[in-house]
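Undergrad: Please see the structure below; I have some questions.
The values are calculated or read from the model by the stated rules, or taken from the named source; none is laboratory data. For clarity, every value in this text was computed on a predicted model and none was experimentally measured. Ideal geometry is used to build each Cβ from the backbone, glycine not excepted, and the neighbour counts take in all protein chains shown.
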Amino acid sequence: MSALAEGADQIVAEEAVTLRIPLIAALPMPRDIYVTDFDKTRVRENFNQLLSQASEIFELPITPGNTRRSIAEYGKNRTRQYAQLGVFLCAHSHILMALWDGNENDKLGGTASVVRFQHHDIMRGYTRTSETNHLILADDESDLVYHIVCSRDQPSGEPSAGLEPLSCSWYSSDEHEPRTSKMPKRHERVFAHTDEFSGDARKHEERIHNEAWTLIEEDAKAYLPAGVRDIDHVFRVADWLAIHFQKRKIFVLRAAHILALLMGLMYIVYSDLLPQRAFIVAFIGFFLIAVLIHRFAEKGAWHRKYLDYRALAEGLRVQFYWAAAGVTSENKSKFAHDNFLQMQDSDLGWIRNVMRVAGMECNVKPYTDPQGLEYVISSWIGDGQSGQLGYYRRKGLEKVTRQRNTTRLSSAVFWVSFVAFALFVFASTEIANSVRDPMVVLMGVLLLVAGVRQSYVFSIADAELIKQYEFMFRAFSKARSRIDACKDDEERRRVLKVLGDAALEEHAEWILMHRERASDEGELWRMSG
């Protein structure tokens, strides 16, 4: 992604085209004004040639307070366009390549200020320091710069002290080791997960194309902006993969609990009915089967992929509906992907890496057509039967029913146990001796079934999910009421912004909660015991 400016921009773009890397041209202002930067015929021809080879061309909008006339001449107004470009490139790229002398200066929109923004989320003279947020306190996967040291063809153009021309390094905001010869490990992990997602998408490409669910309803295709199709495409991939790995994860959970139940039954039969070696062999056999299933699932990272892909899909859902409704952050340097999962595990930064690319076209110019806003209100929020309101209502009832059944089972086991003990206390010695063994076995089996059932419900976090669904149902209900009472579209968009932030925060809590519920082999022993 490049502005194709004279010099380093065009040199790197030419190399990208030679290597068959798709080139995205991001222009700082309308093309007819930007070309006045190229006063040499050769440079302008090269610019036009590279534009013709670009896979996508984005013309960034005129910044607030500027006009076509005010940016036509060189000065602070035009410079703000270059500052906007630097912010846009940083916000939507995975790695910033800087051909730079390493000298700090305060030139707005210059290489030094762009690198500073990549590292610290601040561009003096363009962003207000009050706009910075908790990003400055967290590990940031978007701070990566590949620095190629260059001198400048001008007086006093030598590189900064300690830097040699043509030396290269990975340059991040790490306080202890900002420059390294190899990519930092935390960034390697982010790219590894991104690559893994792409690999899974390619592996299941045909099924995703045929089976995945879309956020764009048929009648909305005519008026929604083209950029939302990019978000929807990635959402369809992430959503299908999340469901795919969820099914595998549920299979492993159910298999583990069923096998734990069988292990417990074998032990009860061996210890209380028939002390034969076959039952212990069966006990060990069921355990080994469970371990093999668990190891196979662990090797395929089914649990982690399910959580990561579901979190990505839900982030993209919010990003899609914000884009379709014309919701912006009201902060010229922040976009939908910036805060999602920022204060959680740094490995989850790959999710933001995917989102920053998916929403790029929509972030160039917000879509403000009222039809998009109405579509989002009806499709995203919905009512008691549709949209997220309908979803949280249905899923909440489903979880409550399962929780109620678990409680009833536990209660039934308690009363059966109570009756059994009462029988032992009040029955004659002869009767008590005759029913003792069958009752002990029955109590053991019932306690085992109840314990395994409770363990399964704990593993899928039903109790916590009930609270989450109730909270989200209330949030969407209040948002619907507020939107219905709003007097203008901007107020509706503000409500949707707050709602989306709440949804993103809730999804972050969800993934952390489920990560803690991952089962291990020791759980099998605890359940069967």
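Undergrad: Among 196, 206, 164, which is the only one that is outside any helix (DSSP H, G or I) and not assigned by TED's automatic domain parsing to the domain that holds residue 298? Explain how you work it out, then say what you get.
TA: Working: 196 fails: outside any helix (DSSP H, G or I); 206 fails: outside any helix (DSSP H, G or I).
Only one candidate qualifies: 164.
Undergrad: If you go through the range 80-129 one residue at a time, how many are β-branched (Val, Ile, Thr), part of a loop (DSSP other than H, G, I, E, B) and under 22 Å from residue 167 (Cβ atoms)?
TA: If we filter the range 80-129 for residues that are β-branched (Val, Ile, Thr), which is where we start, we get 87, 95, 111, 114-115, 122, 127, 129.
Retained after the next criterion (residues that are part of a loop (DSSP other than H, G, I, E, B)): 95, 122, 127.
Now restrict to residues that are under 22 Å from residue 167 (Cβ atoms): 95.
Count: 1.
Undergrad: Just checking, how many residues over the range 92-111 are out of contact with any strand residue (DSSP E or B) (no Cβ under 7 Å at 6 or more places or on another chain) and more than 20 Å from residue 13 (Cα to Cα)?
TA: 6
Undergrad: Taking the range 270-290 as the search range and keeping residues that are small (Gly, Ala, Ser) and more than 16 Å from residue 445 (Cβ to Cβ), which one is modelled with the lowest pLDDT?
TA: 290
Undergrad: Would you mind telling me which numbered condition in (1) of a type outside the set (Val, Ile, Thr); (2) closer than 28 Å to residue 300 by Cβ; (3) touching a residue at least 60 places away in the same chain (Cβ under 8 Å) residue 248 fails?
TA: With (1) of a type outside the set (Val, Ile, Thr); (2) closer than 28 Å to residue 300 by Cβ; (3) touching a residue at least 60 places away in the same chain (Cβ under 8 Å) applied to residue 248, the lone miss is (3).
Undergrad: Based on this model, can you work out whether residue 231 counts as outside the structural domain of residue 310 (by TED's automatic domain parsing) and either buried (at least 18 other Cβ atoms within 10 Å of the Cβ) or at positive phi (or both)?
TA: Numbers: outside the structural domain of residue 310 (by TED's automatic domain parsing): no; either buried (at least 18 other Cβ atoms within 10 Å of the Cβ) or at positive phi (or both): yes.
Here the answer is no, as residue 231 does not meet what is asked.
Undergrad: Please state which of the following conditions residue 38 fails to meet, knowing it meets all the rest: (1) of a type in the set (A, V, I, L, M, F, W, C); (2) buried (at least 16 other Cβ atoms within 10 Å of the Cβ); (3) closer than 25 Å to residue 227 by Cα.
TA: Of (1) of a type in the set (A, V, I, L, M, F, W, C); (2) buried (at least 16 other Cβ atoms within 10 Å of the Cβ); (3) closer than 25 Å to residue 227 by Cα, only one is false for residue 38: (3).
Undergrad: Answer yes or no as to whether residue 385 is of a type in the set (S, T, N, Q), surrounded by fewer than 19 Cβ atoms within 10 Å (Cβ to Cβ) and in a loop (DSSP other than H, G, I, E, B).
TA: Numbers: of a type in the set (S, T, N, Q): yes; surrounded by fewer than 19 Cβ atoms within 10 Å (Cβ to Cβ): yes; in a loop (DSSP other than H, G, I, E, B): yes.
Yes: the conditions hold for residue 385.
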